[in-house]
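The structure under discussion appears below in the form of structure tokens.
The values are calculated or read from the model by the stated rules, or taken from the named source; none is laboratory data. The structure presented is a predicted model; accordingly, all values stated were derived computationally and were not measured. Cβ placement follows ideal geometry from the backbone for every residue including glycine, while neighbour counts extend to all protein chains displayed.
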Amino acid sequence: MGIQSTINCPDCGSAIYLDSILLLSGKSFQCSNEACGVAISLSAADVEMVSKAFKEYENLKQKSVENAGSFQKQ
Ligand SMILES: [Zn+2]
């Protein structure tokens, strides 16, 4: 399950509800204002950038866990 998030529509300012995992998979999300019709999505380049950042974050988290482990051994 992804992280639920809300952003404001760049066009009308209404809420656009999105899910981080679905957004990363390239899905587009439509403005909650039906009269507006704006849909947002990440470009392929953005998806790559964000998923890289995600992986780096996971690596950092892993490192901090390893550091915690070695700290406890001292
Ligand atoms: Zn809108």
* Hey, can you tell me all the residues within the stretch 29-59 that are of a type outside the set (Asp, Glu), loosely packed, with under 13 Cβ neighbours inside 10 Å and either part of a loop (DSSP other than H, G, I, E, B) or modelled with pLDDT of 90 or more (or both)? => 35, 37, 39, 43, 59
* Structure fact -> Looking across the stretch 1-28 at residues that are assigned to a loop (DSSP other than H, G, I, E, B) and within 15 Å of the chain's Cα centre (by Cα), the single one that is surrounded by the fewest Cβ atoms within 10 Å (Cβ to Cβ) is 1
* Structure fact -> Here the qualifying pairs (Cβ atoms under 9 Å; residues six or more apart or on different chains; first in the stretch 3-27 and free of Cβ contacts under 8 Å to residues at least 40 places away in the same chain and aromatic (Phe, Trp, Tyr); second near the ligand (Cβ under 9 Å from one of its atoms) and not in a strand (DSSP E or B)) come out as 17/32
